[in-house]
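Read through the structure below, which is laid out as structure tokens, and then see the notes.
Here, each number is a calculation from the coordinates, and none is a lab measurement. Since we're looking at a predicted model, the values are computed, not measured.
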Amino acid sequence: MRMSTLSRSSSARPGRRSRLVTAPVTGAAALALVLTGCGAEEEGVDATDVVEQEEGVVEEDTEVLEDDALAEEDEALAEEEPVAGAAQPGSFVAGDVAIPQLLTEADPQAALAELPDDPAVATLVPVLAVPADEGFWIGNEQARIWVQLVAPGESPVNVNPGDLVSFTGEVVPNADGFVEGLSLPDDMATALNDLGYHVEVPAGDVTVG
């Protein structure tokens with residue numbers, strides 16, 4: 001009777017050694033072995049813990065990136081803010097001193113005498129009145145100063161009350177006979193004499209608007 005090959009076994013042939021087949025271990029398999037093997041040996045460490053730790057690192061990195069973005073935004077806003085001392089609409093300064101503030105002092109003449117030896121720079125300041133061909137008041141009734149255009153002949157600019165003017169000039173004391181030569185109304189002449197100072201600006205250096 002012939003035996004089927006399916007029923008043969010290694011025991012049927014003494015001395016025959018069985019062969020072990022080895023297969024390469026992939027990265028995923030190795031990770032599985034580590035997770036299962038290490039998990040059995042080390043208590044409290046499993047795949048969930050690893051994932052949670054990794055998520056925590058990602059959240060920390062995200063917070064750092066957000067902080068960096070906010071810092072950059074703050075720096076950008078800081079750069080957009082006006083620089084101290086920069087010319088702003090309505091400003092009238094000599095160096096870093098605001099001239100209109102001095103005009104409201106109890107003794108504005110003494111205050112103007114302490115101005116630094118710097119050009120007087122006006123940026124879009126309002127014209128209060130124009131009672132003469134080559135001069136006008138700037139400011140308001142409470143704080144005003146006379147602007148005198150200095151140059152031969154007529155100045156090329158036409159200034160009217162309510163205009164906003166810009167210029168660079170010099171605050172100087174009134175010379176003898178200066179106020180009388182302007183032929184101003186009595187109240188304006190008195191105010192200019194009491195102030196004792198005015199602003200001299202080269203004709204043609206005044207811009208309107």
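If you stretched the chain out fully between Val150 and Ser183, how much longer would it get, using 0.36 nm times the residue separation minus the C-alpha to C-alpha distance? List each step's numbers first, then the result.
Working: separation 33, 0.36 × 33 = 11.88 nm, distance 1.65 nm.
Gain on stretching Val150 to Ser183: 10.2 nm.
Shape call for the stretch 91-208 from the C-alpha gyration tensor, a ≥ b ≥ c root eigenvalues: rounded (a/c under 1.5), prolate (a/b greater than b/c) or oblate?
It comes out rounded by the Cα gyration axes.
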